[in-house]
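What follows is a single structure, written as structure tokens, with notes after it.
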Amino acid sequence: LREYPNFMDSSGALGIICPYKGQVDLIREALDAELEVEQAQLIDVNSVDGFQGREKEVIVLCTVRANSGGSLGFVADDRRLNVAVTRAKRGLVVLGNRATLSSDKTWREWIRWVDKRGLSVKASDFL
């Protein structure tokens, strides 16, 4: 966000969707600590249910889960996934653990679709 300050000029441009309220609270606290108050207030951080019926230009979807057992919790609910991935008007960024997400058939198919189009990146590319 610091590298693209003009992106934040329009209210309602960015939404962050998290499956759990605790994560929503943690991300909101981090944004409040890192950004100017005006910028932080422009970012809508909410649960999947909180975004029901609403859209943003760009959505960041945090899938949270990373474990060897492949347990996805709420992230495996196809109805919630549908709500989450259809809230973006122009861009969707999904943050998640590929191995854990791939344990679910729907996510595995989505990851294949993303890979086929060369749209996936690794976190290590940004470090």
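The values are calculated or read from the model by the stated rules, or taken from the named source; none is laboratory data. Keep in mind that what you see is a predicted model, and the values were worked out from it rather than measured. All Cβ positions, glycine included, derive from the backbone under ideal geometry; neighbour counts span all protein chains shown. Accessible surface is based on the protein model in full, side chains and every heavy atom, while ligands, DNA and RNA are left aside. Shrake-Rupley method; radii C 1.70, N 1.55, O 1.52, S 1.80 Å.
Open to solvent by 30 Å² or more (accessible area, probe 1.4 Å) and farther than 22 Å from residue 85 by Cα, is that true of residue 32? The answer is yes for residue 32.
Within the stretch 69-98, if we keep just the residues that are in contact with a Lys or Arg (Cβ under 7 Å, 6 or more places away or on another chain), part of a loop (DSSP other than H, G, I, E, B) and modelled with pLDDT under 85, the residue that is least open to solvent (accessible area, probe 1.4 Å) turns out to be 72.
Among residues of the stretch 99-127 being under 17 Å from the mean Cα position of the chain (by Cα) and hydroxyl-bearing (Ser, Thr, Tyr), the one that is surrounded by the fewest Cβ atoms within 10 Å (Cβ to Cβ) is 120. Of the set (1) open to solvent by less than 40 Å² (accessible area, probe 1.4 Å); (2) among the aliphatic types (A, V, I, L, M); (3) modelled with pLDDT under 85, all apply to residue 37 but (1). For the stretch 27-44, a residue qualifies if it is of a type in the set (A, V, I, L, M, F, W, C) and within 14 Å of the chain's Cα centre (by Cα), and the qualifying residues are 27, 43.
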